[in-house]
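The structure appears right after this line, and notes come after that.
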Amino acid sequence: MNKTLLIFRHEFRQTIKRKGFIIMTLIVPVLALLAIGVFHLISAGAGPPVIETTTIGYVDEVGGLDQHTTQGYINLIRFNTQDEATTALINYEVAEYFVIPSDYISVGVINRYTLARELETPTAITTAIKNFLTSNLLGGKVPPETVYRIEAPLDLVVTRLTETGEVATEQGGYGKVLIPGIFSLLLALSLTFFSSYLVQGLGEEKESRLIEVLLSSVSTGQLLTGKVLGLGAAGLVQVVVWLASMPLLLNLASSTFGGFFNTIQLPANFIVLGIVYFVLGYLLFAALSAGVGAISPNVREGQQLTMIYTLLALVPLWFSSLLFVFPNSPIWKVLTIFPVTAPIAVMLRLGVSGIAAWELAVSILVLVLSIIVVLFLATRAFRIYLLMYGKRPNLGEVIRSLRSG
Amino acid sequence: MLAVEVSHIVKSFTDKVAVDDLSFSVAQGEIFGLIGPNGAGKTTTIRMMMDIIKPDSGEVTILGEKLSEATKDKLGYMPEERGLYKKLGVLDSIVYLASLKGVDKRSAAEKADELLNQTGMLATKRKKIEELSKGMSQIIQFIVTIIHDPKLVILDEPFAGLDPVNTELLKGMFSDLRDQGKAVILSTHQMNQVEELCDRILMVNNGRAVLYGKLSEIKSRYQNNSVLLDFEGELGEVPGVTEKRSHKGYIELVLDGKTTPQQLLERLVSRGMVINRFEVATPSLNEIFLKEVGKKS
């Protein structure tokens, strides 16, 4: 059998047998399934939700504000004086109370008194008080429908149109962000793990001198190709398991939770681009790792050097909240085209704003070119430094020898 | 066809010349000793032979051709510091590394059984490498080196870290390999092993050849014309002997230029002495080594 294929098979098998690999691959679908299952159990056991009505008090110094004292699940009880209201509050007869001062109409200030320590007034309370005031002030002066419309003035329904004026197939919204967001995080983890596997594998073979036995049987090219592809195939299995489990889990989640999960969709081309960027991203990281594995004398130093580009790859994730606010900033174009950050940046942007075709083309082209360049340099470094044990060359030496070697 | 032919190879690293114009050849059916002090350039020479690194100049021919992927299958190499995949099983390790030498899985497994049995290691077959002792994993490494029936076997310090029992076991297997017509290159600084096993040697120091040829010829070249004698009774004055050196259990008699050991023996016998041991003194390889290495450095 072809020796590259033998190394490929060996590396693939050894990787998918690793505990770390199995845990990483299964933990995503299993955790999601567990979450759905637990939620399902809780909601099935609890029956229809019981909502308690809350009683709150108020003191009306304006006078005449005594209608509409039931606002949803909140009942309002009128007190004549603030002292009475306070007594009721400390005896837990009311949850809280508020005072409408006599100058309310001109000033608009409402004083709220509560025993609870809170960051801000709960929305339900604010809404109840607001609607109570609105209804009482407008009651009898305008038709009830108008009062209702003032209380809930709009329900915004947005439709995105294409440039030709038709309804666009992709409508945006948070439902689209979730899956690419999770996937880009997983992709980052996967790239980091496999870079570290490769550096670790090479480092161990170097430390145990097994690399010499291997190179007395196969060429450097065969060894590197077999290793990179073997680990890559294992990584691809992982990513495919994740991607394939997503639609399934999504169906399950939307039938269980409904609501927001019904709005979750996969962006167009997501699966195809997900695989393309995984493969290209992986090849770039593998080439970088082979170079690092070549110049570092042991596993520990190799892992430290790996941090440089794996942390760089995570930059788009650090700034992902900014992406939601400024989706059109030129920084995103830079991160999309810069090869180390491209895989994660593209996945994130697919969900938020979509990416222009030219940007994708440039990004893929730059990625492919950098893979070729890094692979060339890495193979060279591999040949030169493979058998240098014990001492890591400094940057100047590496550059000099890459030029002359 | 020569197993190895090395002509005028040179290899320098940034700070020093590791191998400087080295030439030698190794025939099939011989055990060849590559000896020299630490840092002499032995391992660098081996790596160039294995095509792991390329010489700056000069040529290496292995089994009549330049080293190619196909010739790599006819080579067995055991590097100086050894290691295998710690987490992998003994049999899996042997079969995988044999497959990289072009041996199919089934015959590799059969041959592995045979060699594990021969070395008394059959019980470790299902164990992981990390469960073995250092000596045991070294035996496994030797099995890996020869499982594909190579025509040329290169062993870098094969006895380092082995107990006397395993050392004897390996020595026997080396001799078997020679008897099967294979070329065995032994790189070591353990001179007693070289003396016992090797037919020819190359001694290197500072990357250059110091001594090269048949071991017996080299040793006779270094003879200092003395005999070792163990006897009973009084020796007295012996004609033709210029100096007597006492050692534990014997004395060394240095002869003058005209007397041969044969003549001395006749003289001693004619005196009616009881002779327990009479031996023409040849210096040990160790002495030659120390002398040569000391001289050059």
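Mind listing whichever residues of region A:111-125 are polar (S, T, N, Q) and modelled with pLDDT of 90 or more?
So the first thing to find is which residues in region A:111-125 are polar (S, T, N, Q), and the list is A:111, A:114, A:121, A:123.
Correct list: A:111, A:114.
Has region B:159-176 got any residue that is within 12 Å of residue B:82 (Cα to Cα) and crowded, with 17+ Cβ neighbours inside 10 Å? Step through it out loud before you land on a result.
Looking only at region B:159-176, we keep the residues that are within 12 Å of residue B:82 (Cα to Cα), and these are B:159-161.
So of that shortlist, the ones also crowded, with 17+ Cβ neighbours inside 10 Å come out as B:159.
Checked against the condition, which is being within 12 Å of residue B:82 (Cα to Cα) and crowded, with 17+ Cβ neighbours inside 10 Å, region B:159-176 yields at least one hit.
Please give the number of the condition residue A:157 fails out of (1) within 14 Å of another protein chain (Cβ to nearest Cβ); (2) exposed (fewer than 14 other Cβ atoms within 10 Å of the Cβ).
Of the numbered conditions (1) within 14 Å of another protein chain (Cβ to nearest Cβ); (2) exposed (fewer than 14 other Cβ atoms within 10 Å of the Cβ), the odd one out for residue A:157 is (1).
Given the criterion under 21 Å from residue A:270 (Cα atoms), touching a Leu at 6+ places or on another chain (Cβ under 7 Å) and either surrounded by 14 or more Cβ atoms within 10 Å (Cβ to Cβ) or among the hydroxyl-bearing types (Ser, Thr, Tyr) (or both), identify the matching residue among A:296, A:353, A:320.
Details: A:296 fails: under 21 Å from residue A:270 (Cα atoms); A:353 fails: touching a Leu at 6+ places or on another chain (Cβ under 7 Å).
Answer to the check: A:320.
Being part of a loop (DSSP other than H, G, I, E, B) and either buried (at least 16 other Cβ atoms within 10 Å of the Cβ) or within 8 Å of chain A (Cβ to nearest Cβ) (or both) is the filter here; which residues of region B:42-73 pass it?
So in region B:42-73, the residues part of a loop (DSSP other than H, G, I, E, B) come out as B:50-56, B:63-64, B:66-68, B:73.
Correct list: B:50, B:51, B:52, B:53, B:55, B:63, B:67, B:73.
What are the residues in region B:78-102 that are farther than 23 Å from residue A:9 by Cα and in contact (Cβ under 8 Å) with a residue 12 or more places away in the chain, if any?
Initial filter on region B:78-102 (farther than 23 Å from residue A:9 by Cα): B:78-82.
Passing the criteria: B:78, B:79, B:80, B:82.
May I ask you to say which residue of A:210, A:248 is surrounded by fewer than 24 Cβ atoms within 10 Å (Cβ to Cβ), hydrophobic (A, V, I, L, M, F, W, C) and within 13 Å of another protein chain (Cβ to nearest Cβ)?
Result of the check over A:210, A:248: A:210.
Pairs needed: first member in region A:344-357, β-branched (Val, Ile, Thr); second member anywhere, not in a helix (DSSP H, G or I); C-beta distance under 6 Å; at least 6 residues apart or different chains.
Within 6 Å, the pairs are A:352/A:327.
Being part of a loop (DSSP other than H, G, I, E, B) and either among the small types (Gly, Ala, Ser) or within 14 Å of another protein chain (Cβ to nearest Cβ) (or both): is that true of residue A:140 here? If you could, list the steps in order and put the result at the bottom.
Details: part of a loop (DSSP other than H, G, I, E, B): yes; either among the small types (Gly, Ala, Ser) or within 14 Å of another protein chain (Cβ to nearest Cβ) (or both): yes.
Spelling it out, residue A:140 is indeed part of a loop (DSSP other than H, G, I, E, B) and either among the small types (Gly, Ala, Ser) or within 14 Å of another protein chain (Cβ to nearest Cβ) (or both).
Of the residues A:297, A:316, A:339, which single one is more than 30 Å from residue A:205 (Cβ to Cβ) and either basic (Lys, Arg) or assigned by TED's automatic domain parsing to the domain that holds residue A:200 (or both)? Reasoning before the result, please.
Values: A:297 fails: more than 30 Å from residue A:205 (Cβ to Cβ); A:339 fails: more than 30 Å from residue A:205 (Cβ to Cβ).
Just a single option satisfies the conditions, and that option is A:316.
Checking residue B:253 against (1) of a type in the set (A, V, I, L, M); (2) in contact with a Cys (Cβ under 9 Å, 6 or more places away or on another chain); (3) under 25 Å from residue B:279 (Cβ atoms): exactly one of these is not met. Which one?
(2)
I need a count of the residues in region B:135-180 that are within 19 Å of residue B:80 (Cα to Cα), assigned to a helix (DSSP H, G or I) and not aromatic (Phe, Trp, Tyr). Reasoning before the result, please.
To start, the set of residues in region B:135-180 that are within 19 Å of residue B:80 (Cα to Cα) comprises B:135-147, B:150, B:152-164, B:166-171, B:173-174.
Now narrow it down to the ones that are assigned to a helix (DSSP H, G or I): B:135-146, B:164, B:166-171, B:173-174.
Add one more test, that the residue is not aromatic (Phe, Trp, Tyr), and what stays is B:135-141, B:143-146, B:164, B:166-171, B:173.
Going through region B:135-180 one residue at a time, the tally reaches 19.
Could you go through region B:64-87 and let me know if any residue there is touching a helix residue (DSSP H, G or I) at 6+ places or on another chain (Cβ under 6 Å) and of a type in the set (Val, Ile, Thr).
no
Out of the residues in region B:240-291 that are closer than 27 Å to residue B:215 by Cβ and of a type in the set (Lys, Arg), state the one that is surrounded by the fewest Cβ atoms within 10 Å (Cβ to Cβ).
Here the residue is B:248.
Run down A:196, A:217, A:184 and say which single residue is surrounded by 14 or more Cβ atoms within 10 Å (Cβ to Cβ) and not in a helix (DSSP H, G or I). Talk me through it step by step, then tell me what you get.
On the way: A:196 fails: not in a helix (DSSP H, G or I); A:184 fails: not in a helix (DSSP H, G or I).
Result: A:217 is the single residue among A:196, A:217, A:184 that is surrounded by 14 or more Cβ atoms within 10 Å (Cβ to Cβ) and not in a helix (DSSP H, G or I).
Mind checking whether some residue in region A:248-264 is within 30 Å of residue A:373 (Cβ to Cβ), in the same structural domain as residue A:364 (by TED's automatic domain parsing) and modelled with pLDDT under 85?
Of all residues in region A:248-264, those within 30 Å of residue A:373 (Cβ to Cβ) come to none.
So far as region A:248-264 goes, no, none of its residues is within 30 Å of residue A:373 (Cβ to Cβ), in the same structural domain as residue A:364 (by TED's automatic domain parsing) and modelled with pLDDT under 85.
Taking the conditions exactly as written (surrounded by 22 or more Cβ atoms within 10 Å (Cβ to Cβ), out of contact with any Lys or Arg (no Cβ under 6 Å at 6 or more places or on another chain) and more than 9 Å from every other protein chain (Cβ to nearest Cβ)), does residue B:3 satisfy them or not?
Numbers: surrounded by 22 or more Cβ atoms within 10 Å (Cβ to Cβ): yes; out of contact with any Lys or Arg (no Cβ under 6 Å at 6 or more places or on another chain): yes; more than 9 Å from every other protein chain (Cβ to nearest Cβ): yes.
Spelling it out, residue B:3 is indeed surrounded by 22 or more Cβ atoms within 10 Å (Cβ to Cβ), out of contact with any Lys or Arg (no Cβ under 6 Å at 6 or more places or on another chain) and more than 9 Å from every other protein chain (Cβ to nearest Cβ).
Mind listing just one residue for me: the one in region B:74-129 that is part of a helix (DSSP H, G or I) and under 24 Å from the mean Cα position of the chain (by Cα) and, of those, nearest to the other protein chains (Cβ to nearest Cβ)?
Going through region B:74-129, the residues part of a helix (DSSP H, G or I) turn out to be B:90-99, B:105-118, B:122-124, B:129.
Among the residues that remain, those that are also under 24 Å from the mean Cα position of the chain (by Cα) are: B:115-116, B:118.
Numbers: B:115: 16, B:116: 18, B:118: 21 Å.
Filtering first and then ranking leaves B:115.
Of everything in region A:346-383, what is touching a Gly at 6+ places or on another chain (Cβ under 9 Å) and among the aromatic types (Phe, Trp, Tyr)? Give them in sequence order.
Once the filter is applied, which keeps residues that are touching a Gly at 6+ places or on another chain (Cβ under 9 Å) and among the aromatic types (Phe, Trp, Tyr), region A:346-383 yields only A:382.
List pairs: first in region A:123-147 and assigned by TED's automatic domain parsing to the domain that holds residue A:104, second loosely packed, with under 13 Cβ neighbours inside 10 Å and of a type outside the set (A, V, I, L, M), Cβ under 6 Å, 6+ apart or cross-chain?
From residues that are assigned by TED's automatic domain parsing to the domain that holds residue A:104, the pairs are A:136/A:67; A:139/A:67.
What number goes with the only condition from (1) surrounded by 10 or more Cβ atoms within 10 Å (Cβ to Cβ); (2) touching a helix residue (DSSP H, G or I) at 6+ places or on another chain (Cβ under 8 Å) that residue A:64 does not pass?
(1)
Does any residue of region B:14-28 turn out to be among the aromatic types (Phe, Trp, Tyr), surrounded by 17 or more Cβ atoms within 10 Å (Cβ to Cβ), in contact (Cβ under 8 Å) with a residue 60 or more places away in the chain and in contact with a Phe, Trp or Tyr (Cβ under 7 Å, 6 or more places away or on another chain)?
yes
The values are calculated or read from the model by the stated rules, or taken from the named source; none is laboratory data. Quantities reported herein were computed from a predicted structural model and do not represent experimental measurements. Counting neighbours? That spans all protein chains shown, and the Cβs are built from the backbone with ideal geometry, glycine included.
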